[in-house]
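Let me begin by presenting the structure, written as C-alpha cells, before commenting on it.
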Amino acid sequence: MSGRRVRALFRRVVQEIRRDRPSLALLFIAPILVTGLVTFILREGQTPPVDAVIVNGAGAPGIAAAGVIKTALEADGGTARIVPDAATAEEQVRDGSAMLAITLPAGLGSGGATITVLTDGLDPSGEASQVAALQRALIGAATAITGASPPTIEHTTLYGTPSRDPISSFAPAIVGFFAYFFVYILTGVSFLRERTGGTLERLMATPVTRGEIVTGYILGFGLFATIQVALLMTWALSSLHVPAIGPLPDFWVGLGIPIAGSPVYAFLVVVLTALGAVSLGIFLSTFARTELQIIQFIPLVLVPQFLLSGVLFPVSSLPAIVQPIARIMPLTYTVEGLRQVFIAGADLASAALRFDLLVLAGFAVFFATIASLTIRRDVV
Amino acid sequence: MTVTTPAPAGSDADALPAVRAIGLVKVFGTIRAVDDVSFDLAPGRIYGLLGPNGSGKTTLIRLLTGLTRTTAGRAEVLGTAMPSRPTLGRIGYMTQSDGIYPALTAGENARFFAATYGVEGPAAVADALRVVDLGDRVDSIAGTLSGGQRRRLSLACALVHRPPVLFLDEPTVGVDPLLRVEFWAHFRALADGGATIIVSSHVMDEADRCDELLFVRSGKIIARGTGLEIRTQAGTDDLEQAFLRLGGDAAVNR
C-alpha cells in the first residue's frame, strides 16, 4: 500500500464532496433538523384530554363512582357525561362526540366487578393511555369508596432517574442511526458513479490497488463523517441559552440531552459506525446499476437494522427468531454502546462498552475487506 | 519517483515487441469475445484496431492491459506478462467513456491521475494539459467543459505520466474533425518519441493515419498490414470494401 496514492485518493474524495453543496447540506443539516424534530415531539408531545360518556348500571354506588371519574377527567381538561343506555353511549363513540364509553355494572360496590370500556379502536396506543388514565381515576374512586388505599409503587433506577427526559434513551440511538444512514447513501452513490462513469475502469489500469481505493474512500468520507458526528454531538449535548434581543424572544440552541459518560466515547462509537457505513456503501454499490437502486437498498438494508437495533424496541423483547439477526447488525452495537455512555456513564473500564467498540471495529474491518474484494479487476 | 520516458526510437528496443498477444481467448458465457488472437507490436508505431462495434476491440484492449482475466493465452506488455502492477505504471489507457471526475477541475483531474502513477509536481500536469490545448482551462470544473474538451482532458489524464505504451479506446468518438486532426498529430508526435500506440476505431477514414492496421471481426484478427498492403491484398482501394472482402465470408458463415 502506497501512502502517496492513498493520499491522492483521499484528497480527490474530499475535493469532490466539498464541491457538492447539496450533499454537504444533507450530511450536516439534515441530521440536526431531524434530531431536533424528534426531540421536540418526545418532549412537548401531549396526551389529549379524554371525553367520556358513562352508562350507570350500578345505581347509587355508580353515581358516586361516576362523580369521582368525572372529577378526575375534568382535572386533566376532559369531560364526562352520564347517558341513559349503552346504545346511546355506543352511538356517541361512533359519531366521535365521546372517546370512551364507560359502563358501570350492577354490583359495583361488592368488589370483583368489571367495568367495561368501549373505544373506536382506531388508535390503539392513544386509547391505551386513555384507559390507563381511567385506571388511575378508578383507583382514586376505590380509595374514596372503601377508605383503604392500595399499596403504591416507587421506582428507582441504577442509572439516571426513572422519570428522566424520554429523549435521553432515544436520542443517542438516533444520532448513531443518522451517521450510518447519511454516510451510507453518500458513499454508495459516489462509488457507483465511480463504477458507471468509467473512472474506476481507468483507476484499475493504474498501479492503484483495491485496498488503496477503499482506504482512500474510508479516510475521505471518514473525515466528513467525523465532522458530521462532532457537529451532531455538539448539537445534541449542548444547551446554549440565547437571551432576548429586541423583539426576538429568548431561546435555547441545542437539545441539552444529558450524558452521564464522556462525549469522547460516544463520539468513538459513532465514528466507528460511520466507517463501517463507508465500506457498506462501496460494497452495496456493486449490486446497484443506478443511483435509484442505492436508495432502494434502504428498506432492505437500513430499515431492518433500525427496527432490530433497539432504537424502538429493546433487543430482548424481539421474537426469539430475529434476535440473532439483531446481533449480527452493527447498528445494534451502536445503540447499545451509546446508551452505555449516555445513560450508564460507561468508559473503557466497562466491559460492555469495550465489547461494543470491538464489535463495531470488527464490522468496519469486515466490510472494508469485502468492499475491496468486490472491486474486481474483472468488471465486465 | 522518476518519470518514465519513452525509449528512443530506433534503439535496440526495436528487437523486443512492446505488446504481445499469445493465443488470447476470452469467453463470456457462450460468446467468444476474443478468439485466439496472437500478434507482436513493435515500439514507436501506431497500430489501428479496426472493426465494427461489438467485434471485440475493447475486450482485446482490456486483456492486453490485464483488466480482464484471460480465458486462455497470455498478454505481454514491455516484456512483462499482464496483469502486472509495475507495468501498469508504464501504460496509458484512455477509456471509451471519458473516465474523468466531473466535480473536479481539469487540473485536479490530471493531478489526481498523475499521482496514481506516482508522478508529482505541477510540470507534468501543465505539460499534459498544454498538449491537449487545455492550458487555459486548468481551473475549469470538468463537468462544465464541452464534450470535445472532456475528451481532450481524458486524453491528458492518459498521457500525464508519459507512458511508453498507450491504449486509446475510440479516442476520437464525438470529437469534431478539426480536433481529430490535432489528436492524430499528437499521436504521431508521441510515436515519433518512441511510444507504442494502439488506437481502436470503427471509423475507416482514420485508418490511413496508422502505421499498421489490424482488422478485428468476431473476436479474430482477420487481416493485418499497412493500409497499402491491405488494399493490395483485398484488391480494392476502399478500406471499407477491403474489410468486407477480407472478413465477409467468415461473418456470413456465422
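Counts of other chain beta carbons within 10 angstrom of each beta carbon in peptide B:94-104 average 6. With helices as the sole contributors, chain A gives -20000 deg cm²/dmol at 222 nm; each DSSP H run of n ≥ 4 counts as -39500 (n - 2.57), and the sum is divided by every residue.
If R0 equals 35 Å, the separation of the Cβ atoms of A:ASP347 and A:VAL14 corresponds to a calculated FRET efficiency of about 0.60. Rounded to the nearest 10 degrees, the inclination of helix A:124-146 to the longest alpha-carbon principal axis of chain A is 40 degrees. Annotation for A:VAL131 and A:THR156: the two label points, set 7 Å from Cα along the Cα-Cβ direction, are 3.3 nm apart.
Using the Cβ-Cβ distance between A:ALA320 and B:ILE31 with R0 = 51 Å, the FRET efficiency computed as 1/(1 + (r/R0)^6) comes to roughly 0.55.
Over the residues of chain B, the helix contribution to mean residue ellipticity at 222 nm works out to -10000 deg cm²/dmol, using -39500 (n - 2.57) for each DSSP H run of at least 4. Rounded to the nearest Hz, the phi-derived 3J(HN,Hα) couplings of the range A:238-244 under the Karplus curve 6.51 cos²θ - 1.76 cosθ + 1.60 (θ = phi - 60°) are 7, 9, 9, 8, 9, x, 4, where x marks glycine and proline. For the segment A:14-26, counting C-beta atoms of other chains within 10 Å of every residue's C-beta and taking the mean gives 2. When its C-alpha radius of gyration is set against 2.2 N^0.38 Å (N residues), the range A:51-146 gives a value of 1.00. Think of the range A:1-122 as having a plus end and a minus end, set by charges on the Cβ of Lys, Arg, Asp and Glu; of A:GLY36, A:GLY3, A:ALA75, A:GLY3 sits farthest toward the positive end of this dipole. Take the Cβ atoms of A:ASP76 and A:LEU312, set R0 to 25 Å, and the FRET efficiency comes out at 0.35.
Remark: spin-label model distance A:THR116-B:ASP176 equals 8.7 nm, labels positioned 7 Å along the Cα→Cβ axis.
Mean partner shielding of peptide A:244-254, defined as the number of other chain Cβ atoms within 10 Å of each residue Cβ, is 0.
3J(HN,Hα) along the range A:297-305, derived from phi through the Karplus expression 6.51 cos²θ - 1.76 cosθ + 1.60 where θ = phi - 60°, amounts to 6, 4, x, 7, 10, 8, 5, x, 4 Hz, with x in place of Gly and Pro. Inter-label distance, A:THR47 to B:ASP133: 7.9 nm, where each label sits 7 Å from its Cα along the C-beta direction.
Coordinate-derived values only; no laboratory data. What you see is a predicted model, and the numbers here were worked out from it, not measured in a lab. All Cβ positions, glycine included, derive from the backbone under ideal geometry; neighbour counts span all protein chains shown.
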